[in-house]
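One structure is given here, and the rest of the page talks about it.
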Amino acid sequence: FDQELQYFPYDTSSLFSVMNNRLADFEHHLINDEQSIVDTLRKVDGETELRRFISYWMNQNSRGAYTITQEAVVVSEKRTDIRLHVSGLDRYASIELKLDDTRNKWSGTQLRVALEEQLVGRYLNHERSYVGCLLIGMRESRKWEHPDTGKRMDLKETVNWLQGIADEIMEGRPELRVSVKGIDYSTTANG
């Protein structure tokens with residue numbers, strides 16, 4: 001575990017691993033840590049506050065391997081939510097955050113658009129950024145409708161469906177590394 005925390009990315013693939021590992025660590029901390037502030041975070045209903053919390057946590061746990069910026073301007077004045085900059089490497093990873101709850105702010109179609117057009121189409125079209133993640137935070141339990149089949153999907157099914165789309169994109173663009181993650185903090189392992 002400590003060895004992974006000390007890991008410094010040196011290329012696109014290792015940057016992808018570090019980004020995904022830190023997001024997994026964040027999820028584990030949020031859901032399982034006795035010092036988690038998950039109860040407070042559930043009250044946060046805006047993406048800006050959630051973005052700030054995730055960015056702060058990732059910066060605090062970087063061990064000097066990367067730094068985090070928020071809403072950095074990329075192509076055409078568009079702003080990526082969270083950007084992970086690697087120390088000593090002229091590359092960065094982009095994390096596009098979507099917060100959802102019982103208000104049903106994001107439909108399945110809108111999440112697919114966020115993946116295809118926003119994350120991949122805008123943020124991962126720069127020679128320094130071929131690594132990205134669509135991160136869905138769920139503070140209250142809900143389901144999404146699959147836009148093609150009408151099937152109701154929970155967070156895990158929605159993430160699997162979107163990851164399948166990301167996998168197809170990567171087949172056509174092998175330089176990209178794209179993940180889709182969902183963090184359900186509507187309940188905790190200990191609560």
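Tell me which of 64, 133, 41 sits at the most positive position along the dipole axis of the chain, charges placed on C-beta atoms (Lys, Arg +1; Asp, Glu -1).
Of the candidates, 41 comes out farthest on the positive side.
Go through 109, 32, 13 and say which Cα lies farthest out towards the positive end of the charge dipole of the chain; charges sit on Cβ, +1 for Lys and Arg, -1 for Asp and Glu.
109
To the nearest 20 Debye, how big is the dipole of the chain about its Cα centre, given +1 on the beta carbon of each Lys and Arg and -1 on that of each Asp and Glu?
Taking the Cα centre of the chain as origin, the dipole is about 340 debye.
For percent of Cα pairs over 22 Å apart, which listed value, (1) 57; (2) 45; (3) 40, comes from the coordinates shown?
From the options (1) 57; (2) 45; (3) 40, the structure gives (2).
So, taking all protein chains as they sit and a 1.4 Å probe, how much accessible area belongs to residue 139, in Å² rounded to tens?
30
Would you mind telling me the share, in percent, of accessible area of the chain contributed by carbon and sulfur at probe 1.4 angstrom?
Answer for the chain is 44 percent, counting heavy atoms of protein chains only.
For 56, 92, write out the residues from largest to smallest accessible area, computed with a 1.4 angstrom probe and no ligands counted.
Descending accessible area places them as 56, 92.
For segment 102-191, what is the relative contact order in percent, using Cα pairs closer than 8 Å and at least 6 residues apart in sequence?
Relative contact order for segment 102-191 comes out at 35 percent.
If packing is taken as the mean number of other Cβ atoms within 10 Å per residue, what is the order of 160-173, 14-27, highest first?
14-27, 160-173
Could you give the dipole magnitude of segment 81-132 about its Cα centre, charging the beta-carbon of Lys and Arg +1 and that of Asp and Glu -1, in debye to the nearest 20?
Charge dipole, segment 81-132, about its Cα centre: 60 debye, nearest 20.
Determine ³J(HN,Hα), in whole Hz, for all residues of segment 153-164 in sequence, where each value follows from phi through the Karplus function 6.51 cos²θ - 1.76 cosθ + 1.60 and θ = phi - 60°; x replaces Gly and Pro.
Taking θ as phi minus 60°, the curve returns 10, 7, 4, 4, 5, 5, 4, 4, 4, 5, 5, x Hz for segment 153-164.
Near the amide H of residue 182, under 5 Å away, which other amide H atoms are found, from residues 5 or more places off or on another chain, if H is placed in the peptide plane?
Sorted by chain and number, the residues that satisfy this are 136.
Keeping every protein chain present and rolling a 1.4 Å probe, give me the accessible area per residue for the chain in Å².
50
If you put +1 on each Lys and Arg Cβ and -1 on each Asp and Glu Cβ, how big is the dipole of segment 111-191 around its Cα centre, in Debye rounded to 20?
Approximately 280 debye in magnitude.
The values are calculated or read from the model by the stated rules, or taken from the named source; none is laboratory data. All figures in this text were calculated on a predicted structure; none of them were measured in a lab. Cβ sites come from the backbone with ideal geometry, for glycine too, and all protein chains shown count toward neighbours. Areas reflect the complete protein model, heavy atoms only, side chains present, ligands, DNA and RNA absent. Shrake-Rupley method; radii C 1.70, N 1.55, O 1.52, S 1.80 Å.
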